[in-house]
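Inspection log for the structure reproduced underneath, given as structure tokens.
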Amino acid sequence: MTYTLRFLPQVEEDVLAAHAWYERKSPGVGEEFLRTFYACAAEIPRHPLLYRRIHRDFRRLLLRRFPYAIYFRIKNSEVIVFGVFHCARDPHRVKKRLREREMRGGHAS
């Protein structure tokens, strides 16, 4: 099956915040974070079922080199990315943010 990839608008905020943090710490690392994020995100639609469920039907892909994870759901032939969160974040807080984003329209087709 062929899947399309879609990002909720909040994902851009997540990614840009991480990029800015890394750039403040060491110029150029933020750009490497972006490259890694987009490369990993591009892998998801190829085989989304390979990634295990973390919370309800949310799945997670861990970024290479960076302590971040991409959280997504599969709906019909679409992979919907709900968030990009630091792995040290409290899992209960991540679940809460995923639920909030789902309630704000992330369940749309």
Descending principal axes extents, the chain, alpha-carbon based, whole Å: 40, 29, 22
Return Ile54, Ile70 ranked ascending by Cβ neighbour count within 10 Å, so the fewest neighbours appear first. Ile54, Ile70
Taking the chain as a Gaussian network, Cα atoms linked when under 10 Å apart, which of Val11, Val79, Val29 shows the biggest mean-square fluctuation? Val29
Can you work out the Karplus-derived ³J(HN,Hα) for every residue in the stretch 70-81? Use 6.51 cos²θ - 1.76 cosθ + 1.60 with θ = phi - 60°, whole Hz, and x for glycine or proline. 9, 9, 8, 10, 10, 10, 6, 9, 10, 9, 10, 8
Could I have the simple spin-label model distance between Arg89 and Ala39, label points 7 Å from Cα toward Cβ, reported in nm to one decimal? 2.3 nm
Using a simple spin-label model with points 7 Å from Cα along the Cα→Cβ vector, what separation in nm is obtained for Glu12 and Arg65? 2.5 nm
Once Glu100 and Asp57 are pulled to full extension, the length gained, defined as 0.36 nm per residue separation minus their Cα-Cα distance, is 14.0 nm
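Bear in mind these aren't lab numbers, they're just calculated from the coordinates by the rules spelled out. These numbers were taken from a predicted model, which means no experiment stands behind them. Reconstructed Cβ throughout: ideal geometry from the backbone, glycine too, with neighbour counts over all protein chains shown.
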